[in-house]
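Read the structure below first, then the notes.
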Amino acid sequence: MSKIKPAQGSPYARILGVGGYRPTRVVPNEVILETIDSSDEWIRSRSGIATRHWASPQETVAAMSVEAAGKALADAGIGAEQIGAVIVSTVSHFKQTPAVATEIADRVGAVKPAAFDISAGCAGFGYGLTLAKSLVVEGSAKYVLVIGVERLSDLTDLEDRATAFLFGDGAGAVIVGPSDEPAIGPTVWGSEGDKSETIKQTVPWDEYRSGTVEKFPAITQEGQAVFRWAVFEMAKVAQQALDAAGISADDLDVFIPHQANMRIIDSMVKTLKLPEHVTVARDVETTGNTSAASIPLAMERLLATGQAKSGDTALVIGFGAGLVYAATVVTLP
Amino acid sequence: MAATQEEIVAGLAEIVNEIAGIPVEDVEVDKSFTDDLDVDSLSMVEVVVAAEERFDVKIPDEDVKALRTVGDAADYIAKHQA
C-alpha cells in the first residue's frame, strides 16, 4: 500500500480580523408601524429593537459581503491573495447556483480559493468559524474568510405583527488563520430537527411559483417556544462551551450571543449568572436580527467602540432555525 | 411531597414578583397574568420555567396558553406535579 503524505496544518487557529457592513438605510419602528397595528413601545418592550438597517437594491448579498471582507482583511493585515478558502453563511441569497461565495471571493481579489455557501440559519457564523478552524488546523487552507450575510428584509412579512419588526440586513466577516496558541475553543454544536417547525420559511419556493399560495415566502416563528429554547436550552449550551474551553464565567471578558432579541439576551445573561464585569453585546437595538451576520457585526462594533479590546476572551453562541446551535470561546482579534 | 394549592399560589406569587416585579400580595387566584399582572408572553415563559423547577412539573408550550389566571396555573401544577 502506498503511503499518503498528510497536509501540514497549524497547531491552532485564531480570528485575525473582523469587519462588518450595515446598509445605509436606517429603518425606525415608525416605518414598521405603517403596515402593522402595534406601537413603538410594544416593539421595544418585546424585542429591544429601535432601528434596523434595510438594504437597497444595490446592497446585494455579494456587495455587502465584499465590503465586510475588505475590512476584515485590513484588520487582519492579510492580503486577499493569501485567502485559501471562503465560507459564506446565508439563507437570504436568492440565487442558489453558483454559490455566492465564488463571486465574493473573486470580487475580494482572492486567487482561486475553495469557496462555498453553508446554510445554518442564525448559527451560521459559528458553523462557518468551526469549519474554518478545522481547515487551518488540518492544513487545507492557511487563511479562511468566513462571512455571515443576510438580506432578511426580503424574507420579512411586513404585515405580521409578531415578526415584521425583528429582522435586518447586513454582513459580518472574519479572517481565521494560524496561531501558536489556542484562540478558538472547542465548539459545542448540534441540531434539533424535531423542532424544525419552530422557526421556518412559511412555504417552499416551488409552492409559491405554482401559485397555490399568494404571499411571497417569509420567515415565521413560534415566539414563546423559541424564547424558551433560546434562553434556557441555549444557556446550557453556552455553559458547556465555557466548560469545554476550561474558562469560568469569572475569566470571561465578553459575551456575544446571536442578536435575536434583547429579552432573550437579558434572560440568558441572568440564567448564566454572568458577572457584572462581562461586557454583553446588545447590537440588536440598532441592527435588528441579522441571523448569520449578527455575531461578527456585534463583535466588530464592540471592538470599534472600545467596549471590548483585542485579546479579550469572548463567548459566542448562535442559535436559530433548524433548530441549530453553535457555541465557542474565542480570543478577540 | 406534593405542594398544596395554597403553597403553589404563594410560590407563584414569589416567582411573578421576581420576574415581573409585581407585589406578592397582588398575585391572587382570580388574577389574569396578562390583563391584571402585566406579565407579557415572554415573561410568562420565564414564569412557567421557574414554576417547573420549583414544583417539579413539566408545562409544555402548547399548554401555556390555557393558563390565563394564577388559579389556572395553580390547578395545572397541582394536577401534574410529581
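The values are calculated or read from the model by the stated rules, or taken from the named source; none is laboratory data. From a predicted model like this one, the values you see are computed outputs, not experimental measurements. Methodologically, a virtual Cβ is constructed for each residue, glycine included, from the backbone with ideal geometry; neighbour enumeration extends over all protein chains shown.
Among the residues of region B:25-75, the ones that are away from chain A (no Cβ under 14 Å), over 16 Å from B:Gly11 (Cβ atoms) and of a type in the set (Ser, Thr, Tyr) come to 1 in all.
Could you say which residue among A:Ser196, A:Ser140 is assigned by TED's automatic domain parsing to the domain that holds A:Val27, among the hydroxyl-bearing types (Ser, Thr, Tyr) and surrounded by fewer than 16 Cβ atoms within 10 Å (Cβ to Cβ)?
A:Ser140
So which strands (runs of 3 or more DSSP E) stay within region A:1-89 end to end and still have 2 or more residues that are out of contact with any Phe, Trp or Tyr (no Cβ under 7 Å at 6 or more places or on another chain) and over 30 Å from A:Gly223 (Cβ atoms)?
A:12-21, A:83-89
Note on region A:199-226: among residues that are without any contact (Cβ under 8 Å) to a residue 40 or more places away in the chain and within 14 Å of another protein chain (Cβ to nearest Cβ), the one that is farthest from B:Ala51 (Cα to Cα) is A:Glu222. Quick check: anything in region B:48-56 out of contact with any helix residue (DSSP H, G or I) (no Cβ under 9 Å at 6 or more places or on another chain), outside any helix (DSSP H, G or I) and of a type in the set (Asp, Glu)? Within region B:48-56 (the criterion being out of contact with any helix residue (DSSP H, G or I) (no Cβ under 9 Å at 6 or more places or on another chain), outside any helix (DSSP H, G or I) and of a type in the set (Asp, Glu)), the answer is yes, since at least one residue qualifies. Pick from A:Asp37, A:Asp75, A:Asp106: which is modelled with pLDDT under 95 and away from chain B (no Cβ under 14 Å)? Result of the check over A:Asp37, A:Asp75, A:Asp106: A:Asp37.
Does A:Ser153 fit the bill of being surrounded by fewer than 24 Cβ atoms within 10 Å (Cβ to Cβ), closer than 23 Å to A:Val108 by Cα, in the same structural domain as A:Glu30 (by TED's automatic domain parsing) and not basic (Lys, Arg)? If you could, list the steps in order and put the result at the bottom.
Values: surrounded by fewer than 24 Cβ atoms within 10 Å (Cβ to Cβ): yes; closer than 23 Å to A:Val108 by Cα: no; in the same structural domain as A:Glu30 (by TED's automatic domain parsing): yes; not basic (Lys, Arg): yes.
No: the conditions fail for A:Ser153.
Residues that are of a type outside the set (A, V, I, L, M) and either more than 14 Å from every other protein chain (Cβ to nearest Cβ) or assigned to a loop (DSSP other than H, G, I, E, B) (or both) within region A:263-282 comprise A:Lys273, A:Pro275, A:Glu276, A:His277, A:Thr279, A:Arg282, listed in sequence order. For region A:230-262, a residue qualifies if it is of a type outside the set (Gly, Ala, Ser), within 11 Å of chain B (Cβ to nearest Cβ) and buried (at least 22 other Cβ atoms within 10 Å of the Cβ), and the qualifying residues are A:Val231, A:Asn261.
Exactly one residue out of A:Ser291, A:Ser196 is among the polar types (S, T, N, Q), away from chain B (no Cβ under 14 Å) and at positive phi: that is A:Ser291.
On the stretch given as region A:26-50, residues that are surrounded by fewer than 17 Cβ atoms within 10 Å (Cβ to Cβ), in contact with an Asp or Glu (Cβ under 8 Å, 6 or more places away or on another chain) and closer than 11 Å to A:Ala164 by Cβ total 1. Just a yes or no: is a residue in region A:142-165 in contact with a strand residue (DSSP E or B) (Cβ under 6 Å, 6 or more places away or on another chain) and farther than 23 Å from A:Ala68 by Cβ? Taking every residue of region A:142-165 in turn, none turns out to be in contact with a strand residue (DSSP E or B) (Cβ under 6 Å, 6 or more places away or on another chain) and farther than 23 Å from A:Ala68 by Cβ.
Within the option set B:Asp56, B:Asp26, being of a type in the set (Asp, Glu), free of Cβ contacts under 8 Å to residues at least 24 places away in the same chain and loosely packed, with under 15 Cβ neighbours inside 10 Å holds for one residue only, B:Asp26. In summary, B:Thr4 fulfils each of the numbered conditions (1) more than 14 Å from chain A (Cβ to nearest Cβ); (2) surrounded by fewer than 13 Cβ atoms within 10 Å (Cβ to Cβ); (3) within 25 Å of A:Ser47 (Cα to Cα) with the single exception of condition (3). The set of residues in region A:76-119 being farther than 28 Å from A:Ser179 by Cβ and free of Cβ contacts under 8 Å to residues at least 24 places away in the same chain consists of A:Lys95, A:Gln96, A:Thr97, A:Pro98.
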